[in-house]
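Values in this text are rule-based calculations from the coordinates and carry no lab data. What you are looking at is a predicted structure, and each value in this text was computed from that prediction instead of being measured. Cβ coordinates were reconstructed from backbone atoms using ideal geometry, including for glycine residues, and neighbour counts include every protein chain displayed.
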Amino acid sequence: YLESKLINNFQNQLYENPDDFVMGNKDAAITIVEFFDYNCGYCKRALADINKLIEQNTNIRVILKDYPILNDNSYELAKLSVASGFQGKYLEYHTELFNNQGRVSYDIAINIAEDIGIDVMKLEQDFKSQEVNDIIANNKVLGYSLAVSGTPSYFISDVNIRGAVGFETLQEVIDYASEYQQIDDYIVKESESGNEEAF
């Protein structure tokens, strides 16, 4: 409950940031925000869950927030990823970085970019830009403010789900958010139905 109040304080930064990269239905009523790190094995596996959610729910959008916390290489990949968005290739590049087997070095990431038609010279220029740095810095400040200490970490409405919990759990929270919108409504409804803990 207290966590939901904290999340509500950051609604705009979480769900309405114009710098964010979006998958799914951009006009959807339900939004999932995922904080992720390209060196996180759980995030790699979670990509399939996200794709399945989008396939099975026409009324959701997914916001991807690069959150490099594991090492310097994570930070390089996050910067390249954000920079690819300036060429309209973010989602394709995001998928390819996660689908690559093993650790993705800077050089491998550049090769992947070239393979999918990204202008590498512009990518490397944007990689060094203040704008890219600011987007990632803002994600990190937001993550720290919301106590995001690991990846993946999801936000749906006023609920935070930590870890690669799988498709079924994410779907359950989407269903809850569709019905109740806010956790207050859920607690009141549960209380009225005789749930003593909710009361």
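Mean projection of the Cα convex hull over all viewing directions, computed for the chain: 11.2 nm². Here's the picture: charge each Lys and Arg Cβ at +1 and each Asp and Glu Cβ at -1 in the range 31-162, and of Ala46, Ala109, Gln87 the one pushed furthest to the positive end of that dipole is Ala46. Straight Cα distances below 14 angstrom link Lys128 to the aspartates and glutamates Glu76, with same-chain residues fewer than 8 positions distant left out. Label-to-label distance for Ile110 and Asn71 is 1.9 nm, based on points extended 7 Å past Cα in the beta-carbon direction. Per-residue ellipticity at 222 nm from helix content only, as computed over the chain with -39500 (n - 2.57) for each DSSP H run of at least four residues, stands at -17000 deg cm²/dmol. Here the contact order of the range 6-154, divided by its residue count and restricted to Cα pairs under 8 Å and six or more residues apart, works out to 31 percent. Of the peptides 189-199, 65-75, the ranking by mean beta-carbon count within 10 Å, highest at the top, reads 65-75, 189-199.
Computing Rg and the Kirkwood Rh from the Cα coordinates of the range 117-199 gives a ratio, Rg/Rh, of 1.20. Diffusion coefficient (Stokes-Einstein, Kirkwood radius over C-alpha pairs, 20 °C, 1.002 mPa s) for the range 5-73: 164 µm²/s, rounded to a whole number. For the chain, DSSP calls about 65 percent of its internal beta bridges antiparallel. Remark: relative contact order (the range 76-199) = 17 percent; criterion is Cα-Cα distance under 8 angstrom and separation of 6 or more residues.
Kirkwood's formula applied to the C-alpha pairs of the range 94-164 gives a hydrodynamic radius of 14.6 angstrom.
Once the convex hull of all Cα atoms in the range 1-117 is built, its volume per residue stands at 123 Å³. Separation of the range 48-124 and the range 127-199, taken as the distance between their Cα centroids, equals 22 angstrom.
Taking a Cβ cut-off of under 14 Å around Leu170, the surrounding Lys, Arg, Asp and Glu residues balance to a net charge of -2, with basic ones at +1 and acidic ones at -1. Count Lys and Arg as plus one, Asp and Glu as minus one, and take only other residues whose Cβ is under 12 Å from that of Asp119; the net charge is then -1.
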